[in-house]
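Asker: This structure is in structure tokens; I'll ask about it shortly.
The values are calculated or read from the model by the stated rules, or taken from the named source; none is laboratory data. Here the structure is a predicted model, which means the values were calculated and not measured. Heads up, the Cβs are rebuilt from the backbone with ideal geometry, glycines too, and the neighbour counts pull from every protein chain shown. Side chains included, ligands, DNA and RNA excluded: accessible areas come from the protein's heavy atoms. Shrake-Rupley method; radii C 1.70, N 1.55, O 1.52, S 1.80 Å.
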Amino acid sequence: MAAGERARILKVEGDDTLIANLNGRDVVPGAVVEIQNVGGEGRSFELTVSGHHLKLHRIEAAAVQVEILG
């Protein structure tokens, strides 16, 4: 994904700790996210979800399956 794109979260996968961490930051199925910035060759992603600004590392972002919104 690139800055400015929006997507709906379909699924969050990973171990229980990773899922709990993401869920605690409102990264949950059904939520709509907007990418604000992609940093360091895709090593981190800044996004807005449920009105909150978050930064996800690549391993966290890889656990999140999304559907790009048009």
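Asker: State the number of residues belonging to the range 15-31 that are open to solvent by 50 Å² or more (accessible area, probe 1.4 Å), outside any helix (DSSP H, G or I) and in contact (Cβ under 8 Å) with a residue 24 or more places away in the chain.
Answerer: Qualifying residue count, the range 15-31: 2.
Asker: For Ala2, are the conditions met, namely being hydrophobic (A, V, I, L, M, F, W, C) and at pLDDT 95 or above?
Answerer: no
Asker: Right, next: Suppose we keep only residues that are of a type in the set (A, V, I, L, M) and open to solvent by 30 Å² or more (accessible area, probe 1.4 Å) within the range 32-45. Which one would you say is farthest from Gly4 (Cα to Cα)?
Answerer: Looking at residues that are of a type in the set (A, V, I, L, M) and open to solvent by 30 Å² or more (accessible area, probe 1.4 Å), I get Val32.
Asker: Another question, then. Of the numbered conditions (1) modelled with pLDDT of 95 or more; (2) within 17 Å of Ile19 (Cβ to Cβ); (3) open to solvent by less than 70 Å² (accessible area, probe 1.4 Å), Gln65 fails exactly one; give the number of that condition.
Answerer: Going through the list (1) modelled with pLDDT of 95 or more; (2) within 17 Å of Ile19 (Cβ to Cβ); (3) open to solvent by less than 70 Å² (accessible area, probe 1.4 Å), Gln65 breaks only (3).
Asker: Can I ask one more? So Thr48 fits all but one of (1) assigned to a strand (DSSP E or B); (2) open to solvent by 80 Å² or more (accessible area, probe 1.4 Å); what number is the exception?
Answerer: Every condition holds for Thr48 apart from (2).
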